[in-house]
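Here the structure is laid out as structure tokens; the discussion comes afterwards.
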Amino acid sequence: MSTSALKDSVLSHLKYSLGKDPEHATTYDWRVALSLAARDRIVDPWFESTRATYRADAKRVYYLSMEFLIGRLLEDALVNTGVYDDAKAVFDDLGLNFGEILHDEPDAALGNGGLGRLAACFLESLSTLGIPAMGYGIRYEHGLFRQRFEGGRQVEEAEDWLTQEHVWEFERPEAAFEIGFGGQVYENGGRAVWRPQEAVIAQAFDTPVVGWKGEWANTLRLWGALPKTVLDLQRFNAGDYAAAAEPEALARTISRVLYPDDTTEEGKHLRLKQEYFFTAASLRDLIRRFEAEHDDLRDLPKRVAIQLNDTHPAIAGPELVRILHDERGMEFETAMEIARGCLNYTNHTLLPEALERWSDGLMGYLLPRHLQLIERIDTAHQTQHPGIAIREHGEVKMGELSFIMANRVNGVSALHSDLMKVTVFKDLHDMHPDRIVNQTNGVTPRRWLRTCNPRLSGLITDAIGDGWIKDAERLSELEPHVNDAGFLDRFVQAKRENKVDLGQWIAESMGISVDPDAMFDVQIKRIHEYKRQHLNILETIALWQEMRDNPNGDWTPRVKIFGGKAAPGYVFAKEIIYLINSVASVINNDPVTSKWLKVVYPANYNVTLAERLIPAANLSEQISTAGKEASGTGNMKFALNGALTIGTLDGANVEIREHVGADNFFLFGMTAEEVMERRTVEGHAWDAISKDPRLARAVDALRNGTFAGGDHDRFRGIADNISGPDYFLVASDFSDYWRASREVDQAFRDTGHWARMAALNTARSGWFSSDRTIRSYASEIWDALPSKPLRNIAAE
Ligand code: C3B
């Protein structure tokens, strides 16, 4: 496409879609006009992909997920369709600030963290690989809350991305299904009939997801909840206006907010409603699509693969059986077999508090027929495999239900999949030894290198061509360049320029000045005890204390950067946030140490902020208690962007270390096995503290008011936890973390060697592309084939 054609398209949208004259157009208007112009370019490949899928009668993959953390879409769309440079030229020509226009887009935060972001990366890879697929989720009006700090404490505000029009989506009023809840189950001629007591409408909103070079585009279909009747006219006419609007308010509540906690299962009525709402709508939709082309539902597993992203859509099992058995009259056993032939389940965590359970009471109240079917599924399974129950202590265990209803069950890193087999799913694995397969997570190199780090990706493309963007394992072709001083210089230069940009942003938005030559040491992720941000801040405190003891020392300058939100109800995590901010305000104002140490914690960590921070990082903190982080995906993004990892043998860290080489990775801490052993040692925390005076002094600083204006109580909770139960073994891993951190300091001073290690991380991280992950799901789980590339619209 020529620059002038793109310009015409933008100006035409400005005029005819927005009704604006260029003279009066705002940043918003320009951004929307450009987005619509970009969207126009996606529509043709999108249609062609759908037609090709029908023509080939291809198997489709359906990815059911409560969360899609897609972030901003404009830049990605411009890059993937090959018009980024043209778009920049158009706006330069118009005398407008292109960066400002890109940054005007709201960050669509329809997810909490890793699980939701993985789903977004998977959609992009499915499109890049040309696998016919659809993502199904909920169109939340309010995504993950916005975080603010008030006096160092987290304050949550409602997020409102949809107050502006979501320009990427197409509303589909015709794709709507009635979804019922509650009511009774009757028998009619030997068949069960469920008569729900209330119902809402699930209506589809489609966002096209375009792959690299626009060769294929799939759909993200999000369901919004609408009332069956908008207004209760009788009540309205009787003058009760609030009550008249009630049906609408009640229905809309279902797709109103994203649950902000992905680590504890609260058993909330509304959450179960959300889960059933989007799962039931998605199943009806895919069956409707199947039946438009085929008549025998027994062929469903040949044409349909359904991936359950964690247990959130686990009700898909009983719902599919209900549709096939109750509504279509299939034998129960056949219905089970067909359902199991379609369904697969990904487990993302072994944390017991995150494994969903629903009480029989709630399940029976909201989904009475499903509870009956779950009992029947349970009985049928137990007849064949005695000893494992889906229901226990008056609850339905959704992990067990998902496992039993799935053709394949997968973990998200090698270690995690192995641990699944010996912990939560031990008994089920013994009964079904072939069911668990591993699929190590990945990230899309388009967004997480090509787009977010143009300097480094430009350098890579200069060195080895741009084949790596579609085939990230070709990054290994960089290896010979790692011994070339000129290449390394440019590598260092790219990183430094990214750091200068970030430093400027930190100065402008937070008023903290940082030295771009200091090590940028970054820990960004949800705040959680198992992720151990408190281990990091304790080490920061201990380092600061040593610097003060020895102000003439030759310290390696560091900027400790934190980012992340805590679940609103997670008190301990919020205390950690308060502590980090309190430590920051003391350390950043200490004239003795300020040339070596800064602590920076920008509020409201999100996808957009990650895109800013990762390219500028030297060190990636992946310090979870071994056995607790299922995989991690941030760890992959950092390595890809040439940051070195300091980490434990947890989740995908293990595989990252294998790929980049043990010499290019800073390992510390106990293994998962040692962790389990250590926990059984009585007084393990006290023991660790008494052996390490540095740790003792840092913990003491939490108790003596150093970071609390003299208040001894403010951080007592954290201090008591670390020196008491310390379930996550912060104290026991501290000394080794300190040792590894000092090794990092030493290594960073040898700039040439550091650069080589960093470049090797980039060269050897291609395996962590989500293209590799998706290919592996396609062959080992879905039996789905990539389609032939249709056309390269980027070249047109
Ligand atoms: C996360 C895990 O905590 C991460 O280790 C993992 O990389 C990602 O999923 C993706 O697999 N996770 C999450 O974000 N939310 C959950 N409820 C469970 C796991």
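Below are the figures for this structure:
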item: Computed over the range 631-691: relative contact order in percent, which uses C-alpha pairs under 8 Å that are six or more apart; result: 29
item: Set of aspartates and glutamates near residue 213 by C-alpha distance (under 17 Å), chain-local residues within fewer than 8 positions excluded; result: 40, 44, 48, 75, 76, 85, 86, 124, 466, 471, 771, 796
item: The chain - charge dipole about Cα centre, Lys and Arg +1 at Cβ, Asp and Glu -1, debye rounded to 20; result: 300
item: Counting all C-alpha pairs of the range 455-611, share separated by more than 22 Å (%); result: 53
item: Taking the chain and dividing mean pair separation by its residue count, relative contact order in percent (alpha carbons under 8 Å, at least six apart); result: 14
item: Net dipole in debye of the range 445-767 [+1 Lys, Arg Cβ; -1 Asp, Glu Cβ; about Cα centre; nearest 20]; result: 800
item: Range of Cα positions in the range 331-407 per principal axis (Å), largest first; result: 34, 28, 24
item: Evaluated over the range 445-767, the Cα radius of gyration and Dmax, each in Å; result: 19.3, 59
item: With at most 15 other Cβ atoms within 10 Å, longest stretch of the chain clear of loop trypsin sites (Lys or Arg not before Pro) (DSSP); result: 329-594
item: Which of 487, 47 has the fewest Cβ neighbours within 10 Å, and the rest in rising order; result: 47, 487
item: Order of 177, 520 under a 10 Å beta carbon neighbour criterion, fewest first; result: 177, 520
item: Translational diffusion coefficient (Stokes-Einstein; Kirkwood radius from C-alpha pairs) of the chain at 10 °C, 1.306 mPa s, in µm²/s; result: 57
item: The range 697-796, relative contact order in percent, only Cα pairs under 8 angstrom and at least six apart counted; result: 10
item: Per-residue Cβ neighbour rank within 10 angstrom, fewest leading, 398, 336; result: 336, 398
item: Farthest toward positive dipole pole in the chain [+1 Lys/Arg, -1 Asp/Glu at C-beta], among 251, 224, 371; result: 224
item: Theoretical FRET efficiency, 1/(1+(r/R0)^6), r = Cβ-Cβ of residue 590 and residue 686, R0 35 Å, to 0.05; result: 0.70
item: Kirkwood-type radius of the range 205-346, with distances r between different C-alpha atoms, in Å; result: 17.8
item: Given 531/560; 499/531; 470/637; 426/628; 531/628; 421/628, the pairs whose alpha carbons are separated by over 20 Å; result: 499/531
item: Cα-based reach from residue 302 at 16 Å (exclusive), listing lysines while leaving out same-chain residues under 8 positions away; result: 59
item: Candidate lysines for bridging to residue 273, where Cα separation is under 24 Å - those fewer than 8 sequence places away on the same chain excluded; result: 228, 397
item: Other-chain or far-sequence residues with amide H under 5 Å of residue 520's (modelled H); result: 559, 618, 619
item: Residue 739-residue 96 FRET efficiency (beta carbon distance; Förster radius 56 Å; 0.05 resolution); result: 0.60
item: Inverse mean reciprocal Cα-Cα distance (Kirkwood Rh) of the range 569-695, Å; result: 17.1
item: MRE, 222 nm, helices only [DSSP H, n ≥ 4, -39500 (n - 2.57), over the chain, to nearest 500]; result: -14000 deg cm²/dmol
item: Cβ-derived FRET efficiency at R0 56 Å, residue 422 paired with residue 17, nearest 0.05; result: 0.50
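Readers should treat all values here as calculations from the given coordinates under stated rules, not as data from a laboratory. Because the structure is predicted, anything quoted here is derived from the model rather than measured. Methodologically, a virtual Cβ is constructed for each residue, glycine included, from the backbone with ideal geometry; neighbour enumeration extends over all protein chains shown.
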